[in-house]
Every structure is written in C-alpha cells, then in structure tokens.
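J.: Before I ask anything, let me first share the structure, which is written out below as structure tokens.
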Amino acid sequence: MNEQTRHSLFPAHCQVELPPDIHPLPESVNAYFVYPFTLEPHVLAVESNRRATIAAHAARREAYLRAHEDEKQRRKREALRRIAPGFEPRSAPLVPVKTGPALHQQQGEGSDVVADRGAGGEAQPPRDVMDDLVDKLAALESTADSR
C-alpha cells in the first residue's frame, strides 16, 4: 500500500477519543479473582466418583490378569502331569515307585538271586538287562504256546 491509500482509509479526523472516566481495567482487579465456592462440592463429588471408577476398573483388570496367569499355570501343570503324573514344579523331584506286577516281579527276582548262590555261598554276577529281556520273552512265548 502506498502512503496515500493508507491516509484515505484511516483519516486523522476519525480517531476515537475516550472520555477520561472510562478505563480499560478498573483500578483494582482483585474483584475478578474471586473463587466460586459454590462449585466445590460438585467438583469434589465428580472427582471422587471418577477415582472410584478408575480404582474399580484397575481392580477388575488386576483380577482378570491374575486369573489369566493362574489359568496359564494350571494348563502348564496339567500338561506336565499328563507326561509325569503327580508332578508338581515347586515340590521335590519325583521318585519312581514300583507298584502292582512290577513290584511282585522285583520281589521274585530278589528270591532268584538267593537261589542262584552256589554251594560255596558265593553270589552269581549280576544279570545283564539283555539276559532279563531274553528270559521274559521266553516266558511270554511259553505262555502263548500253552494256550
């Protein structure tokens, strides 16, 4: 804009003069800094409700996460128990216990060792696993043949 256009838009004779008793701000602005105590109960009630809701949501979330973690642990223990019945990760290691026919067979083998002693009272050398397998297979064949 050139100088001439600016003067024509804002001529000097159009300036507004304010009267001396009008001020943009009063002498003291303290009247504007009044706290509305009427809103306090409403704000506090809303805030306490909000905090209670947040706490309830957090508790529900924690319970869900705990249940989820417990379910994962339960499934893991069940899978381990399918492989090794009686297994508990926090307990001592499992010790195999022979029951039923295996227990009777072991007791029978113990009496055979005593019978295998020679006249001098010396024990025979311990039997090999393969010898036991051959003897058991022979017993199975003789049982199958007798039927």
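The values are calculated or read from the model by the stated rules, or taken from the named source; none is laboratory data. Treat the numbers as computed from the prediction; the structure is a model and nothing was measured. Quick reminder, even Gly has a Cβ in these numbers, built from the backbone with ideal geometry, and neighbours come from all protein chains shown. Just so you know, the surface numbers come from the protein's heavy atoms only, side chains and all, with ligands and any DNA or RNA stripped out. Shrake-Rupley method; radii C 1.70, N 1.55, O 1.52, S 1.80 Å.
J.: Between GLU88 and ALA52, what FRET efficiency follows from the Cβ-Cβ distance if R0 is 30 Å, with the result rounded to 0.05?
T.: 0.15
J.: Just to check I understand the Karplus step: with θ = phi - 60° and J = 6.51 cos²θ - 1.76 cosθ + 1.60, what whole-Hz values come out for the range 81-92, glycine and proline as x?
T.: For the range 81-92, the Karplus-derived couplings read 5, 5, 7, 10, x, x, 6, 10, x, 8, 8, 5 Hz, x marking Gly and Pro.
J.: Ok, one more. Can you list the lysines whose alpha carbon is less than 26 Å from that of LYS136, not counting same-chain residues fewer than 8 positions off?
T.: LYS98
J.: Hey, can you find the accessible area per residue of the range 18-88 for me, probe 1.4 Å, expressed in square angstrom?
T.: Accessible area per residue: 94 Å².
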